[in-house]
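Q: Take a look at this one; I'll ask things after.
The values are calculated or read from the model by the stated rules, or taken from the named source; none is laboratory data. Everything numeric here is computed off the predicted structure, so don't read it as measured data. Here the Cβ is made from the backbone with ideal geometry for all residues, glycine too, and neighbour counts use every protein chain on show.
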Amino acid sequence: MTSFGARRHDAALGTSFLPREWHHAPVHRLAGQGAYIITAGTYNKVHFFNCPERLDLALALLLDCATEFRWQLQAWAVLPNHYHFVALLPDDSERLGSMLGKLHGAIARKINLEDGIPGRKVMYQYWDSHITFQRSYLARLNYVHQNPVHHGLVRKASEYPWCSAAWFERSAGTAFVKAVYSFKIDRIHVKDDF
């Protein structure tokens, strides 16, 4: 997935030193501090977060890992077989892989322990995009808040306990909430075929 504002090549080096992109795995182009949107899916799109307790577990682990790795979450949505979040990156961009490795490992261990299937692959991979334009940032905030509606789980995003819409509506100023919710999300390119 291409990230906004990421350099595709260095003119001084030419293109021969570019890493090849594999069609089966996303390329992660963390380019430094800023806002990012992250999407991660379960292995084979299995609904591992198939009950309130597992959705609670996945959300709690996401919030804990984000705090530990100093990512400032701005929006999140955990659904039965994937999640999205928008976060502000701290000074060390390499921390995303470490954070998601810890998060995905913890999710897999706990779910596999419950199911009595140690070592089973639970999480598949993740996609990231660096958001470099304010309008893109606001539109993606709305996209993540509205994701449960997009997937037909609720009529109003704030009714879904495992996304940030209700928190956002309580915490942000009314004018800002209206501004974010006014952004169209039908043309946003986010990996979301779950």
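Q: Read through the list (1) within 23 Å of Arg140 (Cβ to Cβ); (2) part of a helix (DSSP H, G or I), then give the number of the only condition that Gly101 fails.
A: Result: Gly101 passes all but (1).
Q: Still on this structure, I have one more. Examine segment 68-83 for a residue that is in contact with a Pro (Cβ under 7 Å, 6 or more places away or on another chain), at pLDDT 95 or above and either under 30 Å from Val154 (Cα atoms) or not aromatic (Phe, Trp, Tyr) (or both), and state whether such a residue exists.
A: Yes: one or more hits.
Q: Something else: Can you name the number of the only condition in (1) touching a helix residue (DSSP H, G or I) at 6+ places or on another chain (Cβ under 7 Å); (2) among the hydroxyl-bearing types (Ser, Thr, Tyr); (3) surrounded by fewer than 20 Cβ atoms within 10 Å (Cβ to Cβ) that Ser98 fails?
A: (1)
Q: Would a scan of segment 125-141 turn up a residue that is part of a helix (DSSP H, G or I) and small (Gly, Ala, Ser)? Give the steps one after another, and end with the answer.
A: Just the residues of segment 125-141 that are part of a helix (DSSP H, G or I), to begin with: 134-141.
In the following step, the residues that additionally are small (Gly, Ala, Ser) were identified as 136, 139.
Among the residues of segment 125-141, at least one is part of a helix (DSSP H, G or I) and small (Gly, Ala, Ser), which makes the answer yes.
Q: Can I ask one more? For segment 142-153, how many residues are in contact with a strand residue (DSSP E or B) (Cβ under 9 Å, 6 or more places away or on another chain) and not in a helix (DSSP H, G or I)?
A: So the count comes out to 2.
Q: Follow-up. Give just the number: which of (1) closer than 21 Å to Ala58 by Cβ; (2) surrounded by 19 or more Cβ atoms within 10 Å (Cβ to Cβ); (3) not β-branched (Val, Ile, Thr) does Tyr137 not satisfy?
A: (1)
Q: Something else now. Filtering segment 176-194 down to residues that are surrounded by fewer than 17 Cβ atoms within 10 Å (Cβ to Cβ), outside any helix (DSSP H, G or I) and of a type outside the set (A, V, I, L, M, F, W, C), which residue is modelled with the highest pLDDT?
A: The selected residue is Ser182.
Q: Kindly check whether there is at least one residue in segment 5-27 that is outside any loop (DSSP other than H, G, I, E, B), out of contact with any Lys or Arg (no Cβ under 6 Å at 6 or more places or on another chain) and modelled with pLDDT of 80 or more. So that I can check it myself, show each step before the final result.
A: Filtering segment 5-27 for residues outside any loop (DSSP other than H, G, I, E, B) gives 10, 14.
With the extra rule that they be out of contact with any Lys or Arg (no Cβ under 6 Å at 6 or more places or on another chain), the set shrinks to 10, 14.
Checking the rest, the ones that are also modelled with pLDDT of 80 or more come to none.
Taking every residue of segment 5-27 in turn, none turns out to be outside any loop (DSSP other than H, G, I, E, B), out of contact with any Lys or Arg (no Cβ under 6 Å at 6 or more places or on another chain) and modelled with pLDDT of 80 or more.
Q: Separate question: It is to be established whether one or more residues within segment 80-97 are hydrophobic (A, V, I, L, M, F, W, C), more than 20 Å from Tyr137 (Cβ to Cβ) and not in a loop (DSSP other than H, G, I, E, B). Give the steps one after another, and end with the answer.
A: Kept after step one, since they are hydrophobic (A, V, I, L, M, F, W, C), are these residues of segment 80-97: 85-89, 96.
Still in the list and also more than 20 Å from Tyr137 (Cβ to Cβ): none.
No: segment 80-97 contains no residue that is hydrophobic (A, V, I, L, M, F, W, C), more than 20 Å from Tyr137 (Cβ to Cβ) and not in a loop (DSSP other than H, G, I, E, B).
Q: Consider Pro118 against the criteria (1) surrounded by fewer than 16 Cβ atoms within 10 Å (Cβ to Cβ); (2) free of Cβ contacts under 8 Å to residues at least 40 places away in the same chain; (3) within 18 Å of the chain's Cα centre (by Cα); (4) within 28 Å of Asn44 (Cα to Cα): it satisfies all of them except one. Which criterion is unmet?
A: Unmet for Pro118, out of (1) surrounded by fewer than 16 Cβ atoms within 10 Å (Cβ to Cβ); (2) free of Cβ contacts under 8 Å to residues at least 40 places away in the same chain; (3) within 18 Å of the chain's Cα centre (by Cα); (4) within 28 Å of Asn44 (Cα to Cα): (3).
Q: Mind listing whichever residues of segment 166-178 are out of contact with any strand residue (DSSP E or B) (no Cβ under 8 Å at 6 or more places or on another chain) and closer than 15 Å to Ala77 by Cβ? Show your work before the answer.
A: Here is the first cut: in segment 166-178, the residues out of contact with any strand residue (DSSP E or B) (no Cβ under 8 Å at 6 or more places or on another chain) are 166-167, 169-178.
Result: Ala166, Trp167, Glu169.
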